[in-house]
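To start, the structure itself, in structure tokens.
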Amino acid sequence: MSHEADGDRSIDEVVDEIQRRRIYPRTPKRIGVAVAELMARNGYARQQESNQWTEIWNQTAGGFATCTRVGRLRAGVLTVYARNSAVLQELTFQKSVLLGNLRQSSLGNGLADLKFRIGPIE
């Protein structure tokens, strides 16, 4: 970087260089943006959505609600865990009806499919 003598540069060039080097302070974030970032970072939004899916599943599944548990929604596929293979098979038979009812719910717009697995029920 070459240093020119002050006499060789115009005032406009000096002002332009000062403007380029100036460090501007960050503006404060809006509280809504900060809270949304905090919720996303800590997974609160995912937990809240999971709770909503559990409520909707319990309303939709009827008698299956006591022997199933809702897992994660990933890429439009909702995973549902069944207590045993008999429940899993019955869920598979009812899949189209359950999927149609879930799609009619408030969260069902992005639901593409259901995936049933055997797993622990809490």
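The values are calculated or read from the model by the stated rules, or taken from the named source; none is laboratory data. All figures in this text were calculated on a predicted structure; none of them were measured in a lab. So basically every Cβ, Gly included, is an ideal-geometry build from the backbone, and we count neighbours across all protein chains shown.
For region 108-120, a residue qualifies if it is touching a helix residue (DSSP H, G or I) at 6+ places or on another chain (Cβ under 7 Å), aliphatic (A, V, I, L, M) and either surrounded by 17 or more Cβ atoms within 10 Å (Cβ to Cβ) or part of a loop (DSSP other than H, G, I, E, B) (or both), and the qualifying residues are 111, 114. Among the residues of region 65-80, those identified as aliphatic (A, V, I, L, M), part of a strand (DSSP E or B) and modelled with pLDDT of 90 or more are 70, 77, 78, 80.
Pairs are defined by a Cβ separation below 7 Å, a sequence spacing of at least 6 or placement on different chains, a first member in region 93-105 that is farther than 16 Å from residue 49 by Cα, and a second member that is among the hydroxyl-bearing types (Ser, Thr, Tyr) and surrounded by 12 or more Cβ atoms within 10 Å (Cβ to Cβ); the pairs so defined are 98/60; 101/60.
Restricting attention to region 81-107, the residues being over 15 Å from residue 120 (Cβ atoms), more than 22 Å from the chain's Cα centre (by Cα) and part of a helix (DSSP H, G or I) number 12.
Considering region 19-64, and only residues there that are in contact with a helix residue (DSSP H, G or I) (Cβ under 6 Å, 6 or more places away or on another chain) and at pLDDT below 90, the residue that is surrounded by the most Cβ atoms within 10 Å (Cβ to Cβ) turns out to be 39.
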